[in-house]
Amino acid sequence: MVCSASVRSILCRFFLAAFLVAQAHAQTIPKPPDGKLYHGFYWDGAGTDDHDPTEHDVTQADVTRYEEMLGKKAAWVYFANNWFESRRFPAEMCGWIRALGKLPYIRLMLRSDVDQQRAEKTFTLQKIIAGEFDVDLRAWARDAKKFGSPILIEWGTEPNGDWFAWNGKWNGGPTEGPRRYIAAYRHIVDLMRAEGPDNLQWIWHVNWLDQPERRWNALENYFPGPDYCEWLGLSVYGPTTPTTRDGSESLRFKMAQAYPRLTKLAPGKPIVIAEFGCDLHNPHVDAARWTQHALEDLFTNRWPAVIGFCWWNEAWQNDNLKKHDTDMIILRDVELTRVFREQFTKHADRIQEQAISMTQREGRRTTE
């Protein structure tokens, strides 16, 4: 078939536009330049007798105080969108985060409450797969699309840990559990993508250690596939309570176990240390020293696929004894604050403070 020059020109423009749309979807938020790392921000309130941390207690003032104390700006603000509170897209919170020139990183939490180590009461994997929450998920996706600018998002955090209700233990056991998780994960992502929000960048987030350590519960069994996530997320903690005796190994030791598994499972996918931290009062591990070694290893590019990190900055109650409370809030410890500030100063050229020019992005969005 012979095409005229005008037809060829139209076809070229069509295929170019399709290519650019595909590229924009595939790389909504680019990796940082070679040799640099994104530094994320997570901050939550302390647990008390009348307040459970909601994982979204952060305020603009918290962000400012943190950045002023540590001397570096964060690329994203990480927080939970709990569906037992609201099933709506958190537009107001995402708005002030964007106004600060940062990316919202949303932990999409379809759960009935913050309790752990039990089956979910409302948002079960079977109900998700059956489409019982499709109306809410579609509305959420449409509002995310209206928001316009890039968002990091995850659902089904740490599926290989039995503390969350989407772990296989609570959803059909060894054979059926991981399958249900994958089906639910794909259902959510497919449903949201069908609404057209190309500003959502999905992160599949696992724990460094399979708990329980059983073959059926291996993180690999929960992988939804490379088409269902742009980045991989990893949790790598030291001791998380004052009474914990295990878990005292370094971040380097734990990465030696998890990093090869992730890079083999999803070659070429960027990895973010979505959560890391260490309790301030554990007698077996000095939190400041543990963190210094962790940051030095991150900044020396020991793990080339890793493109960013985020400390889990929270405190919460574990029982009726205050001395058993977990505390990982950086600014509560002089030595830990000093370690962060010194490492951020020493490796200032390695930190990419802004993931994307929000001003330019907003300019493009308002002219479309």
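The values are calculated or read from the model by the stated rules, or taken from the named source; none is laboratory data. Remember, it's a predicted structure, so these values are computed and weren't measured experimentally. All Cβ positions, glycine included, derive from the backbone under ideal geometry; neighbour counts span all protein chains shown. Remember, those area values only see protein heavy atoms, side chains included, never the ligands or the DNA or RNA. Shrake-Rupley method; radii C 1.70, N 1.55, O 1.52, S 1.80 Å.
For this structure, a couple of remarks:
- When we screen ASP57, ASP50 for residues that are farther than 25 Å from LEU336 by Cα and modelled with pLDDT under 95, the only hit is ASP50.
- Qualifying residue in the range 136-159 (condition: touching a residue at least 40 places away in the same chain (Cβ under 8 Å), more than 24 Å from PHE89 (Cα to Cα) and loosely packed, with under 15 Cβ neighbours inside 10 Å): no
- Residue list for the range 114-127, filter: modelled with pLDDT of 95 or more, more than 14 Å from LYS169 (Cα to Cα) and under 21 Å from the mean Cα position of the chain (by Cα): PHE123
- Condition met for GLY71 (under 19 Å from the mean Cα position of the chain (by Cα), modelled with pLDDT of 95 or more and either open to solvent by 10 Å² or more (accessible area, probe 1.4 Å) or small (Gly, Ala, Ser) (or both)): no
- Among residues of the range 64-95, those that are in contact (Cβ under 8 Å) with a residue 60 or more places away in the chain and among the charged types (D, E, K, R), counted: 3
- Residues in the range 160-172 that are out of contact with any helix residue (DSSP H, G or I) (no Cβ under 8 Å at 6 or more places or on another chain) and open to solvent by 40 Å² or more (accessible area, probe 1.4 Å): 1 in all.
- Scanning the range 119-130 for residues that are charged (D, E, K, R) and either surrounded by 14 or more Cβ atoms within 10 Å (Cβ to Cβ) or touching a Leu at 6+ places or on another chain (Cβ under 7 Å) (or both) gives GLU120, LYS127.
- Condition met for ALA288 (over 20 Å from the mean Cα position of the chain (by Cα), of a type outside the set (S, T, N, Q) and open to solvent by less than 20 Å² (accessible area, probe 1.4 Å)): yes
- Candidate set: the range 291-310, residues that are out of contact with any His (no Cβ under 9 Å at 6 or more places or on another chain) and not in a helix (DSSP H, G or I); chosen: the one most open to solvent (accessible area, probe 1.4 Å): ARG302
- Scanning the range 326-344 for residues that are free of Cβ contacts under 8 Å to residues at least 60 places away in the same chain and assigned to a helix (DSSP H, G or I) yields a count of 8.
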